[in-house]
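Participant: Let me give you the structure first, and then I'll get to my questions.
The values are calculated or read from the model by the stated rules, or taken from the named source; none is laboratory data. Just so we're clear, the structure is a prediction, and the values are computed from it rather than from any experiment. Cβ sites come from the backbone with ideal geometry, for glycine too, and all protein chains shown count toward neighbours. In case anyone asks, the SASA skips ligands and DNA or RNA and just uses the protein heavy atoms, side chains included. Shrake-Rupley method; radii C 1.70, N 1.55, O 1.52, S 1.80 Å.
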Amino acid sequence: MTYRAGVVGAAGFAGIELVRILTRHPEFELAAATSDALAGTPIAQVYPAFTGVTDLAFSAHEGTDLAACDVVFLAVPHKAAMGMAPALIEAGVTVIDLSADFRLKDPAVYEQWYAPHTAPDLLAQAAFGLPELTGDELAATAERRAAGEAVLVGCAGCYPTATSLAAAPAIRAGLVDAVAPVVADAVSGVTGAGKKATERTHFCFANENVEAYGVGTHRHTPEIEQILGLEGRLVFTPHLAPLNRGLLSTVTLPLAPGVKAPATEELVALYRDFYAASPLVSVMDAGVQPRTASVAGTVRAQVGVAAHPAGVIVATGAIDNLGKGAAGQGVQCANIVFGLPETCGLEEIANPV
């Protein structure tokens, strides 16, 4: 069975990555790609990579029959998705949201970091979309959809995905101090900031430059804390690097009191056991670190881990911020919700050089 899929906000970086994945997906048929600014313009005219791949044109959101879709992906800014999702759910359409609007479980926390939430009932129902760590939530959502219910998934953000995949196995194994701060330093490519250029992301400012931003105030902080159970003790610092795509997070995890310092080889074995059923996550050998170039253009993640003589664990995670950090993760979640193999349409590997 083929499912009709729509993408709202298809002209942005995450949206057009969804278009790229869905045009090749064996079970989802791309039926609509909306962009009010580019309505009526062929996708291939704006993004020539689609020449000979699709004749579909962008359509205006209001003029598109999204209710005819089985699933709609929302690749829109924060605060916009919560205004769109209720009508789609009411129409029986499953919604996969790539924004932050349905990630945070507590509406008070969402209000603290964004704005008052206008759809708290849906927020309470939404499954959190990070399949390797919230598989039970997604499985329950799949059961509800199979019973005929329209469901909602709030996909994890890019920084939370890389950081959580790196840190979760050690934390869930009880190796990490339950009181001390956990430090996460992450570096992202410029596409993570969206399509519209700013004084930070304009080529002339971003090229040949690396800088920290959002220090102590970045909105992904509460999401990472929620995933990892680190409320109030995450020190998260994002950095912008002159890359198109790619994200690397390095997490320093202090050992819990009384825990014997494990060897790096023991940690690698622990991580491989943790991700044994996760086909899109690769745990690197001892002494080998992830590379963003090795996952660019894919939905794959690479994770590395090492014991540090200072009594800490250093874990690293590399993803493509548009792939596993956004569009690809959304399709991975949709695969699970629709009862498909989670890797369906997502088997690509990165260019080796």
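Participant: Filter the stretch 168-189 down to the residues that are acidic (Asp, Glu) and open to solvent by 40 Å² or more (accessible area, probe 1.4 Å) and list them by number.
Facilitator: Result: ASP185, single match.
Participant: Collect the residues in the stretch 22-40 that are closer than 23 Å to GLU348 by Cβ, surrounded by fewer than 24 Cβ atoms within 10 Å (Cβ to Cβ) and not charged (D, E, K, R), keeping them in residue-number order.
Facilitator: Narrowing the stretch 22-40 to residues closer than 23 Å to GLU348 by Cβ: 22-31, 33.
This time we only want the ones that are surrounded by fewer than 24 Cβ atoms within 10 Å (Cβ to Cβ), so: 23-27, 29-31.
Correct list: THR23, HIS25, PRO26, LEU30, ALA31.
Participant: Taking SER278, is it over 15 Å from GLY246 (Cβ atoms), open to solvent by 50 Å² or more (accessible area, probe 1.4 Å) and of a type outside the set (A, V, I, L, M)?
Facilitator: Spelling it out, it is not the case that SER278 is over 15 Å from GLY246 (Cβ atoms), open to solvent by 50 Å² or more (accessible area, probe 1.4 Å) and of a type outside the set (A, V, I, L, M).
Participant: Pairs, please: C-beta under 8 Å, at least 6 apart or cross-chain, first residue part of a loop (DSSP other than H, G, I, E, B) and at pLDDT below 95 and in the stretch 198-226, second of a type in the set (A, V, I, L, M, F, W, C) and open to solvent by 80 Å² or more (accessible area, probe 1.4 Å)?
Facilitator: Close Cβ pairs satisfying both conditions: GLU199/PHE205.
Participant: Out of (1) of a type in the set (Val, Ile, Thr); (2) closer than 23 Å to ARG172 by Cβ; (3) within 12 Å of the chain's Cα centre (by Cα), what's the single condition that is false for VAL331?
Facilitator: For VAL331, the failing item is (2).
Participant: Further question on the same structure: Does at least one position in the stretch 245-257 carry a residue that is under 30 Å from PHE203 (Cβ atoms), open to solvent by less than 20 Å² (accessible area, probe 1.4 Å) and not in a strand (DSSP E or B)?
Facilitator: Checking the stretch 245-257: at least one residue is under 30 Å from PHE203 (Cβ atoms), open to solvent by less than 20 Å² (accessible area, probe 1.4 Å) and not in a strand (DSSP E or B).
Participant: Among the residues of the stretch 190-213, which ones are within 22 Å of GLY129 (Cα to Cα) and crowded, with 17+ Cβ neighbours inside 10 Å?
Facilitator: Here is the first cut: in the stretch 190-213, the ones within 22 Å of GLY129 (Cα to Cα) are 191-194.
THR191, GLY192, ALA193 - these are the residues of the stretch 190-213 that are within 22 Å of GLY129 (Cα to Cα) and crowded, with 17+ Cβ neighbours inside 10 Å.
Participant: Then there is this: Do we have ALA286 as under 21 Å from the mean Cα position of the chain (by Cα) and either among the hydroxyl-bearing types (Ser, Thr, Tyr) or open to solvent by 20 Å² or more (accessible area, probe 1.4 Å) (or both) here?
Facilitator: no
Participant: Which one of ALA100, ALA67 is in contact with a His (Cβ under 8 Å, 6 or more places away or on another chain), touching a residue at least 24 places away in the same chain (Cβ under 8 Å) and over 14 Å from ALA334 (Cβ atoms)?
Facilitator: Exactly one of ALA100, ALA67 is in contact with a His (Cβ under 8 Å, 6 or more places away or on another chain), touching a residue at least 24 places away in the same chain (Cβ under 8 Å) and over 14 Å from ALA334 (Cβ atoms), namely ALA100.
Participant: Where in the stretch 23-124 are there strands (runs of 3 or more DSSP E), lying fully within it, with 3 or more residues that are farther than 21 Å from GLY194 by Cα? Break it down stepwise before answering.
Facilitator: On the way: elements: 28-34, 71-74, 94-97.
By residue number, 28-34.
Participant: Still on this structure: Looking only at the stretch 125-167, filter to residues that are outside any helix (DSSP H, G or I) and open to solvent by 10 Å² or more (accessible area, probe 1.4 Å); which one of those is nearest to LEU88 (Cα to Cα)?
Facilitator: ALA150
Participant: Let me ask another. Quick check on the stretch 308-315. Is at least one of its residues assigned to a strand (DSSP E or B) and surrounded by fewer than 17 Cβ atoms within 10 Å (Cβ to Cβ)?
Facilitator: Yes, the stretch 308-315 contains at least one residue that is assigned to a strand (DSSP E or B) and surrounded by fewer than 17 Cβ atoms within 10 Å (Cβ to Cβ).
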